[in-house]
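Below is one structure, written out as structure tokens; the observations come after it.
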Amino acid sequence: MFLEIKDLSVKIENKNILKSLNLNINKGEVHAIMGPNGSGKSTLANVLAGKEDYEILNGRINFKDNDLFDLNIEERAQEGMFLAFQYPVEIPGVNITPFLHSAVNSKRKRMNEEEIDNLSFAKLLKSKASDLGINIDMLKRSVNTGFSGGEKKRYEILQMSILNPDLAILDETDSGLDIDALKIVTDGVNKLKTKENSFLIITHYQKLLDYIKPDYVHVMVNGSIVKSGGSEIAAEIEKDGFQKFQ
Amino acid sequence: MNIQDKYLKNKKNIFFSENKDIQTHREKLINIFENDGFDKKNNESLKNINLKNFIDFEYRYLISEETSVVNNNQENSYSIVSVNGQCLNFKDDKIEITKILDEDYNDFSKNNTIENNDHFVNLNSLFLNSGFKIVIKKNNNIKIKISNIITDDDLTIFQKNNYICEEGSSLNLIEEYENKNNSTLNILNVIKLEKNSQLNHLLIQDNSLNHSLIITSHSSCKKDSTYTQKVYNFSEGYVRNFHYSELIEANSEADLQGIFFLKDNNTSNNKTFVKHLAEDCKSNQVYKGILNDSSKATYFSNTHVDQVAQKTEGYQLSKGILLSDNASYFSKPELKIYADDVKCSHGSTIGPIDENAIFYLRSRGMSKIAATKILISSFINEELNSIDNEQMSEIIQKKLIRYLSKVK
């Protein structure tokens, strides 16, 4: 199993958020999690990425034969996990290009691969940015600083395409995007899809799933997955909402 | 021994002791010390300072055999080594350097209207034992680098320097304070910018643990003149940076900036004060601090806008990063506005490093320590990029790397 979440319960500030959650993702699969506000979707994404604000009450997560709880945040990233943030953080003064270069090399180092030099990295970045319709001038700016909502999401996908993760978690990447930006972002995701990597897509709406076809759709309510199936579930939610699952 | 006894005992070795006007002024200062004492509650210059070291000092001064040097190593560029506060006289067609004179003392003591209740400046006046005056002649563009060297342990240097930029002149002044001995340097820079002159003043402070630096500046700007000051404090010992500026004629500017990097149990006290006394003037006061371990800092900033100073633009900002729960930074911005057509603002943000930013960087594979260091560097990125002297920029970068190497 590529990612196995078994009986996971998590709390934050005395509030139980995830309750005995189970989820299995195999290599090459695209999974979507849909759910109403406050159902715990983003908590799951943050727990997977290693955010330290949460208390794990029970359960285990295995990722690529590692016990995920043995790995800290950066080790998870270096092992091939990537979280596209719902609200990417603005970091003034940290330039995009050297930051991403350093991120790529930290992963290569862990994999015992040769580090990528400045010139090769600049070429790679330019080509990936061009694929995503990102202006080269944007790469001279500070991380997410002064970006519009759409630019921030596109920049998340640029990072994803550069880091080429084994498991990408997209936390409401569609929120705040107009239809053109949504198309560019989802095209970027679709180009990255191979038999070797997997995606976990968190969303409220079916619209995103019109562009990225999931193999499985899960409904999450009140911290647990209450129904799993194919893309017909997304259509059902679009028609009737989450009410009937609660 | 109280201040008066200390003064009387060392009077012979103190500058201008025979001058009657100066004697009268000093008697007034002694009275202030005797009557007011060092009352922390009512005197901002004393807040959060361990006064014991500065009141109970033993006066000791040495004139060094190593004479100070003025070297014109490139056209319009001068290197000065000031030893124990002294500098050789020098004169050419662009600059003139002389020992400080009693008339300079009187000029300051009579015309200092911006702040006359600063006890450390008063101590400087009382025990004055060194100092020099540099005049940049009309319409010249000059670079000066001054290394301030203290030769021995246990010295108490009370130094007053005067800088005068004559009309249309421009001075790039770099001052280095890098002393490793157990001494105290109390220095006052009195800076006068005449019409249409400019002074870019860079101060690098990197003293060792037992060296205390008390540095104060009083600058005054006439019409169309600009004073820019950038302080970089990497010292392991105590540093007090108090910098006052008066914009006395129209269209003049004062820009007072500072960054301090503190660790262990170190303390730094900082203050900037700009008095707008004419119309169409601008001021900027920005201090940033990074505090690790149990270090402590204060920063008082103050913009005073006189009623005639219409069209004033005044900006104040204080920012601090606390890298440890035991570090503390007290900041107090103040605005006093007596004119009605002004644009002024102030802001202050102090807190630990942004945990969300750390998480974001780590989630891309960067280690926690690397993420912390990159965020500290980014916090002062703007100030570091604004240094237009490549050599100084490299020196400051190296000192920053040394500081960051101790951040865990």
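Under Stokes-Einstein, with the Kirkwood radius over Cα pairs as Rh, the value for the protein assembly as shown at 10 °C and 1.306 mPa s is 56 µm²/s. Size descriptors for region B:87-220 (Cα atoms only): Rg and Dmax, in that order, 14.9, 42 Å. Normalised by residue count, region B:303-392 yields a Cα convex hull volume of 158 Å³ per residue. Spatially, region B:125-186 and region A:84-135 are offset by 47 Å when compared through their Cα centroids. Tell me, rounded to the nearest percent, the portion of alpha carbon pairs in chain B spaced more than 41 Å apart. When all Cα pairs of chain B are counted, 12 percent exceed 41 Å.
Once the convex hull of all Cα atoms in region A:149-246 is built, its volume per residue stands at 105 Å³. Packing, taken as the mean count of other beta carbons within 10 Å per residue, orders the peptides A:113-124, B:322-333 from highest to lowest as B:322-333, A:113-124.
Computed with the Debye formula from one identical point scatterer per Cα of region B:253-352, without solvent, the log10 of I(q)/I(0) at q = 0.14, 0.15, 0.21 Å⁻¹ comes to -0.52, -0.58, -0.89. For chain A, the Kirkwood estimate of the hydrodynamic radius, built from every pair of different alpha carbons, is 18.6 Å.
Based on alpha carbons, the Rg and Dmax found for region B:140-219 are 14.0, 42 Å. The GNM of chain A, with springs linking C-alpha atoms under 10 angstrom apart, assigns the highest mean-square fluctuation among A:82, A:99, A:199 to A:99. Taking the centroid of alpha carbons for each part, region B:301-352 and region A:155-205 are 44 Å apart. Mean partner shielding of peptide B:364-375, defined as the number of other chain Cβ atoms within 10 Å of each residue Cβ, is 6. Here the Karplus curve 6.51 cos²θ - 1.76 cosθ + 1.60, taken at θ = phi - 60°, turns the phi angles of region B:241-248 into couplings of 10, 10, 10, 10, 9, 10, 9, 9 Hz, with x standing for Gly and Pro. In this structure, the residue pairs whose Cα-Cα separation is over 30 Å, taken from B:41/B:275; B:41/B:145; B:311/B:332; A:152/A:195, are B:41/B:145. The eigenvalues of the Cα gyration tensor, multiplied by 5 and square-rooted, give region B:1-237 an equivalent ellipsoid with semi-axes of 28, 20, 18 Å from largest to smallest. GNM on chain B, alpha-carbon springs under 10 angstrom: the most fluctuating residue among B:143, B:319, B:41 is B:41.
Longer than 30 Å from Cα to Cα, which of B:143/B:195; A:128/B:408; B:12/B:222 are they? Say none if no pair is. Distance filter (> 30 Å) returns A:128/B:408; B:12/B:222.
The tail of the calculated P(r) for region A:78-194 beyond 26 Å holds 13 percent of all Cα-Cα pairs. A Gaussian network model of chain A, with springs between Cα atoms under 10 Å, assigns the largest mean-square fluctuation among A:102, A:175, A:42 to A:102. Expressed as a fraction of 2.2 N^0.38 Å, the C-alpha radius of gyration for region B:357-408 is 1.27.
Rule-based calculations on the coordinates, nothing more; no lab input. Keep in mind the model is a prediction, meaning the values are calculated, not measured. Note: ideal-geometry Cβ built from the backbone for every residue, glycine included; neighbour counts use all protein chains shown.
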